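Comments concern the structure below.
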Amino acid sequence: MDILRRNNVVVTGNPEGRAVVLAHGFGCDQNMWRLTVPALVPEYRVVLFDYVGSGRSDPSAFDESRYSSLGGYADDVVEVCDALDLDDAVFVGHSVSAMIGVLAARKAPERIGALVLVAPSPCYIDDGAYHGGFSVDDIDELLSSLESNYLGWSAAMAPVIMGTPDRPELGEELTNSFCATDPAMARVFARTTFLSDSRADLATVRVPTLILESAEDVIAPRQVGAYVQAAVDGSTLVTLDSTGHCPHLSAPEATNEAITEFLVKLR
Amino acid sequence: MTERVGWEETAEEAYDSAPCGLLSTSANGTIVKVNQTLLDWLGLSGEAVVGRLRFTDLLTVGGKLYHETHFAPLLRMQGEVSGVAFELKREHAPRMPVLVSAVVRYDDHGNPVLHRITIFDAQIRRAYEEELLRERQAADLARGQAEADRSRLQDALAVLQQSLLPATIPVMPGVATAAYYHTASPDELGGDFYDVFHIDGHRWGFFLGDVCGKGPAAAAVTSVARYTLRAAAMHNPAAALGTLNAVLYERFAGGDLRYCTAVFGTLWSDLATGRVAIRFASGGHPPPLLIRADGSCEYLLSPDGTLIGILPTSQFPQTDVTLDPGDMLLLYTDGLTEARVNDQRDFYGPEALHKLASQYAGTSPDALVEALSDVLAGFGPRLADDTALLALGATGLPHNGL
């Protein structure tokens with residue numbers, strides 16, 4: 001199988017530089033990094049990709065059982081790293097991808113040498129003293145929100161969103177396409193994202209780690225950021241003056257500065 | 001441009017009383033302006049909302065998650081989003097399904113300063129959509145059930161079909177055989193049939209036929225034909241077909257006329273000479289093809305009998321033929337000769353069959369039938385009828401196929 005095609009892998013930036021892999025979270029695709037990429041390309045070899053089931057990945061590669069655990073997505077990451085033969089890359093993961101990065105770094109320590117966790121949460125659901133921010137009912141409500149927005153999805157749109165090599169002009173013009181996904185696949189990713197509990201995995205991190213959080217984030221509140229920092233040995237937590245779950249979009253300068261500062265220190 | 005219509009419309013009133021909810025937020029989401037329509041829907045006052053709440057505070061928890069993972073990133077990336085479904089939380093009223101569109105207002109440096117958001121009441125539309133979703137789920141369920149039913153039916157038909165064909169062809173000293181059977185559709189029982197069976201001593205019976213029509217009614221005739229012919233095999237071929245004619249006429253002539261065509265024969269293998277003596281009769285069936293080992297080929301155009309089962313009594317003239325070692329006799333149904341070879345509706349036809357068979361002269365029934373089945377497979381979906389083939393060959397040796 002062609003992994004680079006499967007995951008719609010795009011490599012840009014400085015071919016001589018250290019590899020930085022940017023991994024999108026649940027909801028949209030690699031376009032989420034459009035304001036981050038310009039800050040990295042002069043110095044770094046930047047790798048972008050879409051998880052299978054998102055963006056312009058190959059929908060025929062979707063396998064419900066594989067992608068029903070974060071480990072399946074981590075396998076995607078490792079396979080992309082293998083396909084590009086990356087060595088000691090920095091993995092930048094947003095939202096659920098932060099935890100996917102933690103798993104991937106454990107699976108392929110020679111491939112991934114540092115982690116940047118953007119708005120991470122190891123567990124979204126409250127559990128005793130742990131405050132994840134959500135109840136199981138809340139997650140069910142999200143799934144039904146997805147369901148009601150599936151009406152914006154139609155089979156006719158699928159080839160456009162998934163990429164039509166023979167008609168490239170279609171893809172770019174379609175509104176909302178960055179975040180449109182086959183409903184059945186989105187549902188699997190949503191369940192895997194919001195029902196996983198990866199708290200125990202945080203202690204396995206052995207690489208330099210930067211944690212970025214928004215000052216206000218409904219999905220990954222401050223308590224969660226503090227929890228992650230305490231659980232990952234020697235990690236650094238930076239709280240960005242931003243609102244919402246996507247600081248790389250809502251506060252791109254501050255986010256880029258924090259990431260590049262961390263990258264410089266790694267040298 | 002304004003026009004006097006007896007009432008002075010102002011931008012302010014048009015905003016406040018618009019038939020949709022309108023609000024603006026700062027780039028971080030805090031509500032800075034809201035219209036009266038939306039306040040009425042929410043059951044809140046302007047003071048409780050402006051500067052105090054964010055847009056996401058109006059949404060359910062699931063909606064907040066969807067906003068953070070889809071709506072907000074899209075708005076940042078595209079500068080606009082349209083037609084996203086949310087539910088508004090309301091004071092003292094049930095949640096209200098809405099459709100939300102938004103655009104970003106940028107400052108001179110291209111930084112986002114405002115989000116302008118329009119909210120449409122989608123209660124009726126959502127109820128309709130939910131109905132559609134439910135119907136789709138029901139349709140998915142029904143389709144799954146129908147597929148399961150169809151597969152069960154096909155399994156049952158396959159078993160029935162097998163019961164109408166011989167499980168194996170008996171080994172006859174000095175005679176090689178090969179057969180082929182194809183049903184046009186797995187959803188239908190075929191109307192073609194054949195059989196080869198032992199009568200006594202070195203005598204064997206064989207037949208191949210075609211019932212008019214397809215499906216269960218045709219299969220019932222096939223079943224009658226098969227067992228009648230087997231039971232009547234002690235007689236000569238003409239008498240056997242005569243018996244079948246009487247049985248079908250008696251049983252079906254009253255209302256639902258059912259008839260068939262068939263070739264029925266007996267063969268006697270002379271182990272001393274390697275010759276096989278065949279006597280057969282035909283009732284309205286395409287003529288058997290005799291393929292001599294030397295490459296000569298001829299259709300055995302005997303005086304043909306009538307269709308079997310349409311007249312109270314019918315005559316079925318008999319033909320005798322002797323196969324020398326290496327000779328073959330091919331029986332077939334019109335599924336072969338009337339197969340469409342192209343989209344211009346041309347038949348495969350007896351000439352093409354004659355030509356191909358002569359190329360296989362001196363080979364074996366297996367080789368001939370395999371070549372013909374390849375030809376049929378090449379017709380693909382144009383092969384619209386059932387097809388049966390039965391080839392008999394004198395081996396000149398006491399063991400089949402050697």
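Overview of results
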read-out: At R0 = 30 Å, FRET efficiency that the Cβ-Cβ distance of B:Leu311 and B:Met234 yields, to 0.05; value: 0.80
read-out: Net charge over other residues, Cβ less than 13 angstrom from the Cβ of B:Arg340 (K, R count +1; D, E count -1); value: -3
read-out: Virtual spin-label span in nm between B:Asp155 and B:Glu135, 7 Å along Cα→Cβ; value: 3.3 nm
read-out: Residue-span extension gain [B:Arg125 to B:Ala48] - 0.36 nm each, minus C-alpha spacing; value: 24.8 nm
read-out: Gain on full stretching of the segment that runs from B:Ser223 to B:Leu257 - 0.36 nm per residue minus C-alpha separation; value: 10.7 nm
read-out: Cα-centre dipole for the stretch B:15-89 with unit charges at Cβ (Lys and Arg positive, Asp and Glu negative), debye to 20; value: 200 debye
read-out: For B:Pro186, net neighbour charge (Lys/Arg +1, Asp/Glu -1) across residues whose Cβ lies under 14 Å away; value: -3
read-out: Mean separation of Cα contacts under 8 Å (6+ apart) over length of chain A, as relative contact order %; value: 20 percent
read-out: GNM result for chain B, Cα springs below 10 Å: residue of B:Phe316, B:Phe55, B:Phe197 fluctuating most strongly; value: B:Phe55
read-out: Inter-centroid distance (Cα atoms) of the stretch B:1-78 relative to the stretch B:153-201, Å; value: 76 Å
read-out: Summed residue charge, Cβ within 13 Å of B:Leu22's Cβ, Lys/Arg positive, Asp/Glu negative; value: -3
read-out: Two-site FRET efficiency, B:Ala146 against A:His131, from Cβ-Cβ distance with R₀ of 35 Å, rounded to 0.05; value: 0.10
read-out: Computed [θ] at 222 nm, helices only, for chain B once each DSSP H run of length n ≥ 4 contributes -39500 (n - 2.57); value: -10500 deg cm²/dmol
read-out: Length released on extending from B:Cys212 to B:Lys33, taking residue separation times 0.36 nm less the Cα-Cα span; value: 56.4 nm
read-out: Cβ-based exposure ranking for A:Cys28, B:Cys212, in which fewest neighbours within 10 Å come first; value: B:Cys212, A:Cys28
read-out: Residue order, fewest to most surrounding Cβ atoms within 10 angstrom, among B:His92, B:His285, B:His235, A:His94; value: B:His92, B:His235, B:His285, A:His94
read-out: Residue among B:Phe55, B:Leu39, B:Pro19 farthest towards the positive dipole end of the stretch B:1-55, charges placed on Cβ; value: B:Phe55
read-out: Two-site FRET efficiency, A:Asp241 against A:Arg66, from Cβ-Cβ distance with R₀ of 45 Å, rounded to 0.05; value: 0.70
read-out: Residue order, fewest to most beta carbons within 10 Å, for A:Arg187, B:Arg258; value: A:Arg187, B:Arg258
read-out: Expected 222 nm ellipticity per residue - DSSP helices of 4 or more, -39500 (n - 2.57), all of chain A, to 500; value: -11000 deg cm²/dmol
read-out: Nearest-ten-degree value, helix B:237-252 long axis tilted from longest Cα axis of chain B; value: 40 degrees
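Bear in mind that the values in this text are calculations on the coordinates, not laboratory data. Model, not experiment: these values are computed from the prediction. A quick note on method: Cβ atoms are made from the backbone with ideal geometry, for glycine too, and the neighbour counts reach across all protein chains shown.
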